[in-house]
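Heads up, the thing below is written out as structure tokens.
Computed from the coordinates by the stated procedures, all read-outs in this text should not be read as laboratory data. Bear in mind the structure is a predicted one, so any value in this text is a computation, not a measurement. A quick note on method: Cβ atoms are made from the backbone with ideal geometry, for glycine too, and the neighbour counts reach across all protein chains shown.
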Amino acid sequence: MSFDNAYESLIDHEDTHWAFGTGFSEALPGVDREVPSTVDAPDLFAYCLMLGDDALVLSQRLAEWCSRAPELEEDVALANIALDLLGQARLLLTRAGEVEGAGRDEDALAYLRDEREFRNVHLAEIECGPLAGGDFATTMARLLVFSSWKIAQYSRLRTFDDPVVAAVAAKGLKELAYHRDHAAQWVVRLGDGTPESHERMRAGVRRVWPYLDELFTAHAVELRLGVDSAAFRAEVDGVLDAVFAAARLERPEPVPAARVNGRAGRDGVHTEAMGYLLAEMQHVHRSLPGATW
Amino acid sequence: MSSSWPLWEVFVRGKRGLNHVHVGSLHAPDAEMAVRNARDVYTRRNEGVSIWVVPASAITASSPDEKDPFFAPSGDKVYRHPTFYDIPEDVPHL
Amino acid sequence: MDLEAEFERTVAAEHRVEPRDWMPDGYRKTLIRQIAQHAHSEIIGMQPEGNWISRAPSLRRKAILLAKVQDEAGHGLYLYAATETLGADRGDLTEYLISGRQKYSSIFNYPTLSYADVGTIGWLVDGAAICNQVPLCRTSYGPYARAMIRICKEESFHQRQGYELLMTMMRGTDAQRAMVQESVDRFWWPSLMMFGPPDSESANTEQSMAWRIKRNTNDELRQKFVDMTVPQAEKLGVTLPDPALKWNEERGHHDFGQPDWDEFWQVVKGNGPTNAQRVAHRRKAHEDGEWVRAAAAAHAAKRSADARAIGQSA
């Protein structure tokens, strides 16, 4: 590539260096995309939405930090994590569309579903900073809990009946290990930093704690697919206990999940924050029907 | 009052079989965070397989040419000297 | 031996000056100011585009934009690191930025008002930035030149994504085409201003050229940018909003009109559409992060105290 002519790069195709790639249907080379006969397709569709929405919605929240992080190095780190989750979301929503077989792609599913059709857990959608509802400590508390829980979930999904979900889980585990490590490093530093940071970290953990129970309450779809999230609890507790001990934080008492007529995120019943999140995310796409991007 | 973090020099091994090469510097509160930040800042496009970080204050440098008085006056100060990446072959230079 | 003569000889011979070499105070100060201003521009430049990450109209565009804005943070980091080789301190430079003592590129004081602006910034603003920056890959100060090589490489991808977004939109609906044209209309003149005032009014050019800190004059670069952009605009199918723009066979260049330099100076002096907002945003992020930076520093101090205690008891 020549740097004497700024425009040569426009016709010079070196996609290997492009940070995000383009063809996401080819992001899992060699994986069989036939829907296996052993899995109920509507259940698999719903489950791909649950997993994809978890990743998409948390990515949307983390990207809110862009240009607002406590230090430039952290700006870069948070963007990396948001990009990893967005990549997972795209693979899972693309898979959901394939399994459904109605011609919906990742964008149709992300932008044209209404709130009640989103299946993510509440933990992903609540406001934890940088805007109202939290701060950097709260964001790290959420990320620690979310990534510890996802690791337990994806570990089991590596042997899931659907080869695409299994491949996404195997790929995602490496990313999540980094996310969990990043969050744990910060929870320890803030918990065992200054009196102010300790107090903020303690408050951050309390802010996310009521949303833990939902993570371990399996939905009927999950149970039918043989993924019982109640079984993740001991593993996640072990991780949190170890981090809290190093961070000189006390583990809060368990708080039972607050549900609406027994329903929560997996059933499409969300917190008040979700409508605003979707309004912002979907606005441009919906206001230009038929546009190509 | 601002709490700024110390400066770390970053070295990346581009691929197996090559030396670690100085690629730049960054700020971090401690070594663990420095190596993590280095991963994000300097290997976003898979530029490395291994990273070293060294506190900038721990580096002792020789003068580039001890005999040449041109370099003598600042020999007592280890200024930080990121060299970033090796100049790519396809860049006309320099 | 005369250090200054040696320095001048090195620079005139197109050799690189490295951090521990002797250099004139004026050279050091000019470089710190120029590189810091460039670093600030990258960091402030995250805001106008970051404004659209949450609303990106496809997931692919969201990933592209987030990766791009992340790169800008990385570029700011490389450049601040280059100033630190000259003895500057990033914390001080951040203070200068948020107190208004140091400037950044005025282009980022214009608002982004539609998603097409993401494409226009990539095409015109990053394109103009590349014109300015490519010669700096051969600037006399080694760490700056090396930072610029890496930045230019990444920046060329940014420009490509911007142009590709605009091409895609121009192939879309009428509403999208109108959106692109409206965006180009707003950004064309500010893009020309990015090269700075006309040479006749530019104060620092001569010394910077002699020191090889700057390699081309403002007007030379502006002409180059216009000549390169015109055929791109034709291919895209947009009209550049300058009735005076036409090919001059005799000169072998395009003639073009002058931007509104009064507006330029207004924006430089801090009265642009978003000057106050951009600086306040950066200041808030910096101040809100203070307790985090303090906590991490306190934790590191505790850990190294623990390590010393263990060392003594062993």
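Modelled spin labels at A:A257 and C:R171, positioned 7 Å past Cα toward Cβ, are 4.5 nm from each other. What is the distance in Å between the Cα centres of the range C:1-51 and the range A:152-210? Each part reduced to its Cα centre gives a spacing of 42 Å.
If you wrap the Cα atoms of the range A:37-287 in a convex hull and average its projected area over all directions, you get 13.0 nm².
Using only alpha carbon pairs under 8 Å that are at least six residues apart, calculate the relative contact order of the range C:3-313 and give it in whole percent.
On the way: 333 pairs, mean separation 59.3, N = 311.
With pairs under 8 Å counted, the relative contact order is 19 percent.
Amide H contacts under 5 Å for C:H253: C:N248, restricted to partners 5 or more places along the chain or on a different chain, H placed in the peptide plane at 1.01 Å from N.
Rounded to whole numbers, the Karplus 3J(HN,Hα) couplings from phi for the range C:113-120 are 10, 8, 5, 4, 4, 4, x, 5 Hz, using 6.51 cos²θ - 1.76 cosθ + 1.60 with θ = phi - 60°, and x at Gly and Pro.
Taking 7 Å along the Cα-to-C-beta vector as the label spot, tell me the C:R251-C:H15 distance in nanometres, rounded to one decimal. For the pair C:R251/C:H15, the computed spacing is 4.0 nm.
Excluding A:V243 itself, calculate the net charge of residues whose Cβ lies under 13 Å from the Cβ of A:V243, where each Lys or Arg counts +1 and each Asp or Glu counts -1. Net charge in that neighbourhood comes out at -1. Name all residues of the range C:130-149 having a backbone nitrogen under 11 Å from the label point set 7 Å from the Cα of C:E220 along its Cα→Cβ direction, giving them as ranges. C:135, by backbone N distance to the label point. The amide H of C:Y141, built 1.01 Å from its N in the peptide plane, has C:V17 as neighbours under 5 Å, considering only residues 5 or more places off or on other chains. Applying D = kT/(6 pi eta Rh) to the range A:220-293, where Rh is the Kirkwood radius over alpha-carbon pairs, T corresponds to 4 °C and eta to 1.567 mPa s, the Stokes-Einstein value obtained is 78 µm²/s. The mean sequence distance of close C-alpha pairs (under 8 Å, at least 6 residues apart), as a share of the length of chain A, puts its relative contact order at 21 percent. Rounded to the nearest 5, what % of the DSSP beta bridges within the protein assembly as shown are antiparallel ones? The antiparallel fraction comes to roughly 95 percent. Normalised by the number of residues in the range B:7-61, the average gap of Cα pairs under 8 Å and 6 or more apart makes the relative contact order 45 percent. Shown is the FRET efficiency for A:D237 and C:D92, computed with R0 = 45 Å from the Cβ-Cβ distance and rounded to the nearest 0.05: 0.50.
If you average 1/r over every pair of different alpha-carbon atoms in the range C:107-244 and take one over that average, what Kirkwood value in Å do you get? Can you show the working numbers first?
Numbers: mean 1/r = 0.0631 Å⁻¹.
About 15.8 Å, per the Kirkwood formula over Cα pairs.
Where the alpha-carbon atoms of the range A:74-137 are placed on the principal axes, they occupy 42, 26, 16 Å, in descending order. Above 20 Å lies some portion of the pair distances; for the range C:1-68, what is it as a whole percent of all C-alpha pairs? Above the 20 Å cut-off, the range C:1-68 has 54 percent of its Cα pairs. Long hydrophobic helices in chain A, taken as whole DSSP H segments with a C-alpha length of 18 Å or more on their own axis and mean Kyte-Doolittle hydropathy at least 0.0: A:41-63, A:72-100, A:136-157, A:163-191, A:233-246.
Over all directions, the average projected area of the alpha-carbon convex hull for the range A:168-293 comes to how many nm²? List each step's numbers first, then the result.
Details: hull surface 45.3 nm².
Over every viewing direction, the Cα hull of the range A:168-293 projects on average to 11.3 nm².
Rounded to whole Å, the principal axis extents of the Cα atoms in the range C:1-135 read 63, 32, 22, largest first. Tell me, how many Å apart are the Cα centres for the range C:188-263 and for the range C:60-89? The range C:188-263 and the range C:60-89 have Cα centres spaced 26 Å from each other.
Across every pair of different alpha-carbon atoms, what Kirkwood hydrodynamic radius in Å does the range C:160-226 reach? One decimal place: 14.3 Å for the Kirkwood radius. Taking each residue as 0.36 nm, the span from A:R158 to A:E196 lengthens on full extension beyond its C-alpha to C-alpha distance by 9.6 nm.
For the pair A:D181 and A:A102, what calculated FRET efficiency results from E = 1/(1 + (r/R0)^6), where r is the Cβ-Cβ distance and R0 = 35 Å, to the nearest 0.05? Provide the component values of the computation, followed by the final result.
Details: r = 39 Å, r/R0 = 1.12.
According to the calculation, E is roughly 0.35.
With the cut-off at 33 Å, report for chain C the share of all Cα pairs above it, as a whole percent. Roughly 31 percent, once rounded to a whole number.
The modelled label-to-label distance between A:R286 and C:K29, using points 7 Å beyond Cα along the C-beta direction, is 5.7 nm. The residues neighbouring C:D92, those whose beta-carbon lies less than 12 Å from its own, together hold a net charge of -1 under the Lys/Arg +1, Asp/Glu -1 convention.
Along chain A, the exposed loop sites are GluC sites (Glu not before Pro) outside DSSP states H, G, I, E and B with at most 13 other Cβ atoms within 10 Å, and the longest stretch free of them is A:35-249.
Once you order the gyration tensor axes a ≥ b ≥ c over the Cα atoms, which shape class does the range B:7-61 get: rounded for a/c under 1.5, otherwise prolate or oblate by comparing a/b with b/c? Numbers along the way, then the final one.
Values: a/c = 2.29, a/b = 1.33, b/c = 1.73.
Oblate shape, in that a/c is at least 1.5 and b/c is the bigger or equal ratio.
The separation of the range A:82-101 from the range B:11-28, counted between C-alpha centres, amounts to 34 Å.
The convex hull of the Cα atoms of the protein assembly as shown, projected and averaged over all directions, covers 33.7 nm².
Quick one: what do you get for the range C:184-304 if you divide its Cα Rg by 2.2 N^0.38 Å? Please report the intermediate quantities before stating the final value.
Details: Rg = 21.5 Å, N = 121, 2.2 N^0.38 = 13.6 Å.
For the range C:184-304, the normalised Cα radius of gyration comes out at 1.58.
Note on C:Q312/B:S57: beta-carbon distance plugged into 1/(1 + (r/R0)^6) with R0 of 30 Å gives a FRET efficiency of 0.85.
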